Each structure stands twice: as C-alpha cells, then as structure tokens.
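This report refers to the structure that appears directly beneath it.
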Amino acid sequence: MLDDRARLLLKALVERYIADGQPVGSRTLSKASGLELSPATIRNVMSDLEDLGLIVSPHTSAGRIPTAKGYRLFVDTMLTSQRDMHSLARSINAPRLAPDQPLKVISNAAHILSSLSQFVGVVMAPRRTSVFRHIEFLRLSEKRFLVIIVSPDGDVQNRVIFTEADYTQSQLIEASNFLNSHYAGMAMEEVRERLKTEVDALRGEIATLMQEAVLVSSEAIASRDEVVVSGERNLLAVSDFSSDMGNLRKLFDLFEQKAQLMRLLDVSSRAEGVRIYIGGESQVISYQELSVVTAPYEVDGQVVGTLGVIGPMRMPYEKMIQIVDITSKLVTTALSHSK
C-alpha cells in the first residue's frame, strides 16, 4: 500500500507526534526521517498519506497528526523493539507481586501498570469457580422467589427470580433438597447440562424452577468477577484529555461503572499475547480518543484473567506493549506459585 519512502515518513511522523504532541510539519519531518527530500516532495507524500486516511491536518496547524488508521498501520508494521526487556523488568518492584494473597497480587499489578505507564492500569481478577456448596429458595410473593447460593469459600449470593408458574414453599424445599443432594460441589455449567437429562423423575414444574434457578445462580457467581483500576487521575495530566472536561467525565464514568471494562477484558482473555485496541476498534469501549493495550495472564497454564493499560491514542506503544507483557508474566508467576 505504501512505498518505502512513504512508510519511513509515516513512521517518523507518528514517532515525532507521540514524543511531543505537536502537529508535524514538512521541515520537522525532513529532519526526523533523515531523508534528503525537498519540502515539496515531503508535502506531496503527506498529501498522499492524508488521502489514504493515515494522517490528518488539524484546523489550527499546517502540520499533520496520525489518525487511528495511521496508528494501526504503525503498530502492526513499524514498531521496532529497542528497549532492554530485562532492564524494564528490573525496574518493576517484583516483591510487590509476592504470592501471599491473590487479590493483593492483582491490586499491586494494577498499580505497577499505572505507575510505569503513567496512564490507567486495569486488571480483571481471576475468574472464580462457579461451584456451589449449597442452594436454597425462599418464596417472596406470587411467582417471585429469592435464590440463595453459597460458594465453597462461604461467599453468599442472593438473586430474585420471577417465574411463570407459582410454587409453594414445600415445592421450593423439594427443589433445593434435590439440587443439594445431587449436585453440590459441581460447577453450575455442569449442573445445567445434567439437569436437561436427569430431572425426568421430577414433576415438570419443579424441573423448570431448578433450571431457572441454576441459570440465575451461574450469572450471580460470574458477576463476582472484579476489575481493579489504578491511576485514573493520571489522565488529568494528559493534554489530549485535560482540555475537554466532558470527555474526562465520560472516562471517569467508564472506570467507575466497570461493566464495559469487564467485557473488553473478557474478550481480550480469549486472545494469545498482547492485543492493542486503537480508538473505537474494540467495539466495546467506543471512546475514539482511547487506546487499550491488554494481555492475558495464567495460573498453572490456564488463562484466568486479563490486564492492561488504558491511555490516549498518542501513547508510546512499544513501551506499553513491554510493560503489559512483563506485568502479565509477573502475575502469572506470582499466582501460579501462590497455590
């Protein structure tokens, strides 16, 4: 799509803009690229890059800045790792990830990510098992029931369900006794599958109640997943955001509500290695001004969560990739050793 000259100029423009945040003019670009080209030639190439949607000219300047498409091409094809990974790893205070408590590891990892990046660090806590120890039903009113789920670690979740049929308290006791005696200690997903074929002996309405209860119980247990966020205030110092208080408020709402972050990190956990979302690419977080760099982490070879850095599109991607990659490896090591 681009010849070597255009690629070099685009690379130089993106690197210069990331470094100082100012639109890049042809004279600056000539020096930054090291190419002996006339200003007219550089202007022609920049015009071509603009026609391709890779750069754009702000209204207030004759210089150009990269678009999300330009950043994507830069990240995918032009990044060259020049940093010493071992040096960066040593700069991380590894003892803070000591495997004493998994949740402390997660909290410290979020702090490390925000501290090293000077942006926002996010970590999805390890998914908890959906195994239940005890389940109980309580009739609240007609066709409205409370489901009480107790996990093996003693955590209690309550959920209200609404059903098409009404049930007596004796029927609710019958259903909970069946579930506790036959399925306690199993994962909810397995219970759901077995209920489809193993409840023929029960009256149909009781089977329906149990299937609805197990579905809502599975969702209740899954909702315990948490996202730890650190460094939101770092965004106040980012010039790309600080000039627009409306945008800042939207960003802080994002970090406070966390639902969109959960969806993004959950999607990222299904990918191998570091993933980069530029602008609205994730289709989960639709803020065009944001970029997100994520990586999954493991416990004993199994992916259990995701961590990452959230910042402006104008971020040093090479450094962010390495920070996220190293932190994911440190978390993997700490959590695997904590068992």
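Distance check, please: which entries in Lys104/Lys196; Lys69/Lys258; Lys31/Lys250 exceed 30 angstrom between their Cα atoms?
In this structure, Lys104/Lys196; Lys31/Lys250 exceed 30 Å between Cα atoms.
Please calculate the 1.4 Å probe accessible area of Asp51, with all protein chains present, and give it to the nearest 10 Å².
Accessible surface of Asp51 is approximately 120 Å².
Given a 1.4 angstrom probe, I'd like the percentage of the accessible area of segment 240-293 that is carbon and sulfur, rounded to a whole number. Provide the component values of the computation, followed by the final result.
Working: 1230 of 2810 Å².
That fraction is 44 percent.
In Å and on Cα atoms, what radius of gyration and Dmax does segment 237-339 show?
14.4, 46
Go ahead and run the numbers for FRET between His182 and Arg270, Cβ-Cβ distance against an R0 of 30 Å, rounding to 0.05.
0.40
So, in nm, how far is label Arg144 from label Glu164 when the simple model puts each one 7 Å beyond its Cα toward the Cβ?
According to this spin-label approximation, the distance is 2.1 nm.
To the nearest 20 debye, what charge dipole does segment 1-62 have about its Cα centre, counting +1 at the Cβ of each Lys and Arg and -1 at the Cβ of each Asp and Glu?
Charge dipole, segment 1-62, about its Cα centre: 180 debye, nearest 20.
Checking the a/c ratio against 1.5 first, then a/b against b/c, what shape does the Cα gyration tensor give for segment 136-178?
oblate
Provide the packing ranking of 37-45, 172-180, 318-326, 142-150, i.e. peptides ordered by the mean count of other C-beta atoms within 10 Å per residue, highest first.
Working: 37-45: 15.1, 172-180: 18.4, 318-326: 21.0, 142-150: 16.8.
Highest mean packing first, the order is 318-326, 172-180, 142-150, 37-45.
Would you please name the chymotrypsin sites (Phe, Trp or Tyr not before Pro) within segment 274-337 that are DSSP coil residues with at most 15 other C-beta atoms within 10 Å of their C-beta?
none
Using only the Cα atoms of segment 229-282, what do you get for the radius of gyration and for Dmax, in Å?
So, for segment 229-282, Rg and Dmax equal 12.8, 36 Å respectively.
Beyond 12 Å, what share of the Cα-Cα pairs of segment 108-162 remains, rounded to the nearest whole percent?
Details: 1072 of 1485 pairs.
Percent of Cα pairs beyond 12 Å in segment 108-162: 72.
In Å, what is the Rg of the alpha-carbon atoms in segment 264-312, and how long is Dmax?
According to the Cα coordinates of segment 264-312, Rg and Dmax are 11.0, 36 Å.
The values are calculated or read from the model by the stated rules, or taken from the named source; none is laboratory data. Note that the structure is predicted; figures quoted are calculated from it, not measured. Cβ sites come from the backbone with ideal geometry, for glycine too, and all protein chains shown count toward neighbours. We work out accessible area using only protein heavy atoms, side chains counted, and drop any ligands, DNA or RNA first. Shrake-Rupley method; radii C 1.70, N 1.55, O 1.52, S 1.80 Å.
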